[in-house]
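**Student:** Questions regarding the structure given below will be posed in turn.
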Amino acid sequence: MSRIRRPARTLVIAHRGYSLGVAENSMAAFEKGIGAGAAGVELDIWRCGSGELVVVHDESVPGLGSISHLSLESIRRFNGQIPTLKEVLVGLPSSVINIEIKSSKRDSRLSNGHPVLDSLVALLGETSNRHRLVFSTFDRQIASQLPRLSAFGSAALLTRIGTNTKSAIDFAVANGIGALHLPKDKVSPRSLKAIEKAGLSFSVWTVDDPREIEEMLRAGAALLITNNVGAAVALAETEIWLDVPGVAPVNGGIPSRTCLTRH
């Protein structure tokens with residue numbers, strides 16, 4: 001049986017940046033997250049009507065319509081804080097960036113390539129930040145093409161509460177995707193055993209309660225995506241989490257790491 005690919009240390013990732021007091025998915029939020037000690041940020045991208053990849057969570061701009069039909073100029077007239085992915089890559093050259101790839105229904109209907117991925121490949125070919133990127137998506141049409149990005153970073157399939165874990169594992173393995181990004185409620189002894197057997201790694205979203213953060217650290221998540229950056233960083237940095245053979249599982253049987261507290 002293959003061993004689960006556990007990292008030496010779980011990386012804390014600021015969910016849409018650290019948006020306490022600032023707009024989420026903005027450069028201010030991303031810089032605040034890194035300043036608070038996060039290893040990186042999670043963000044969402046769409047391809048706008050003028051071709052740029054913009055960082056925003058929702059598909060539509062209130063009162064204007066779908067991002068896929070709007071130019072960058074018109075989007076920024078509505079909200080000047082919305083950055084492009086290029087601006088984030090330039091602004092955070094040494095941080096981990098988890099890029100959640102989103103796509104309009106119009107893009108998804110295209111059978112010859114995918115506009116978002118085409119734009120992403122072109123953009124990343126111009127940048128030097130290639131080895132600190134994680135590409136994730138719920139969209140399985142996009143996910144099946146994530147190996148196109150393997151020269152620039154790693155790929156992960158995002159799953160929801162209602163997603164069948166076995167189906168997600170089978171899809172990931174069949175499409176050369178090395179990780180699953182699980183909602184915290186899907187992390188269980190059964191799911192981790194199946195992930196381990198398949199030789200995949202896992203990350204978890206979105207974990208804010210300190211007790212649950214500690215549980216995910218013990219479970220060996222590669223990335224811990226959180227809004228509670230301060231608590232997560234404190235737990236991750238004040239404790240060293242090590243895989244120790246023979247250590248009994250905790251928290252209902254979730255495979256455990258041993259914690260050595262720093263002094």
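The values are calculated or read from the model by the stated rules, or taken from the named source; none is laboratory data. Predicted model only: the values in this text are computed from it and were never measured. Ideal geometry is used to build each Cβ from the backbone, glycine not excepted, and the neighbour counts take in all protein chains shown.
**Student:** Which one of these does residue 52 not meet: (1) surrounded by fewer than 16 Cβ atoms within 10 Å (Cβ to Cβ); (2) farther than 19 Å from residue 156 by Cα; (3) not hydrophobic (A, V, I, L, M, F, W, C)?
**Tutor:** (1)
**Student:** Can you report the number of residues in the range 145-160 which are part of a loop (DSSP other than H, G, I, E, B) and either crowded, with 17+ Cβ neighbours inside 10 Å or at pLDDT below 95 (or both)?
**Tutor:** Final tally of qualifying residues: 6.
**Student:** Next question. I'd like to know if the range 167-176 contains one or more residues that are closer than 21 Å to residue 43 by Cα, without any contact (Cβ under 8 Å) to a residue 60 or more places away in the chain, among the aliphatic types (A, V, I, L, M) and buried (at least 21 other Cβ atoms within 10 Å of the Cβ).
**Tutor:** no
**Student:** Could you grab me the full set of residues in the range 172-206 that are part of a helix (DSSP H, G or I), within 16 Å of residue 154 (Cα to Cα) and touching a strand residue (DSSP E or B) at 6+ places or on another chain (Cβ under 9 Å)? Can you show your working first?
**Tutor:** To start, the set of residues in the range 172-206 that are part of a helix (DSSP H, G or I) comprises 172-174, 184-186, 189-198.
Imposing the further condition that a residue be within 16 Å of residue 154 (Cα to Cα) reduces the set to 172-174.
Within the range 172-206, just 172 meets the criteria.
**Student:** Report yes if residue 167 is assigned to a helix (DSSP H, G or I) and not basic (Lys, Arg), otherwise no.
**Tutor:** Yes; evaluated as a whole, the condition is true for this residue.
**Student:** With the requirement that a residue be modelled with pLDDT under 85, loosely packed, with under 14 Cβ neighbours inside 10 Å, in a loop (DSSP other than H, G, I, E, B) and more than 16 Å from the chain's Cα centre (by Cα), what does the range 91-132 give you?
**Tutor:** 109, 110, 111, 112, 113, 128
**Student:** Looking only at residues in the range 12-29 that are of a type in the set (A, V, I, L, M) and surrounded by fewer than 21 Cβ atoms within 10 Å (Cβ to Cβ), which one is nearest to residue 210 (Cα to Cα)?
**Tutor:** Start the filter on the range 12-29 by keeping residues that are of a type in the set (A, V, I, L, M), which leaves 12-14, 20, 22-23, 27-29.
Filter again for surrounded by fewer than 21 Cβ atoms within 10 Å (Cβ to Cβ), leaving 20, 22-23, 27-28.
On the way: 20: 17, 22: 22, 23: 23, 27: 26, 28: 25 Å.
For the range 12-29, the residue satisfying everything is 20.
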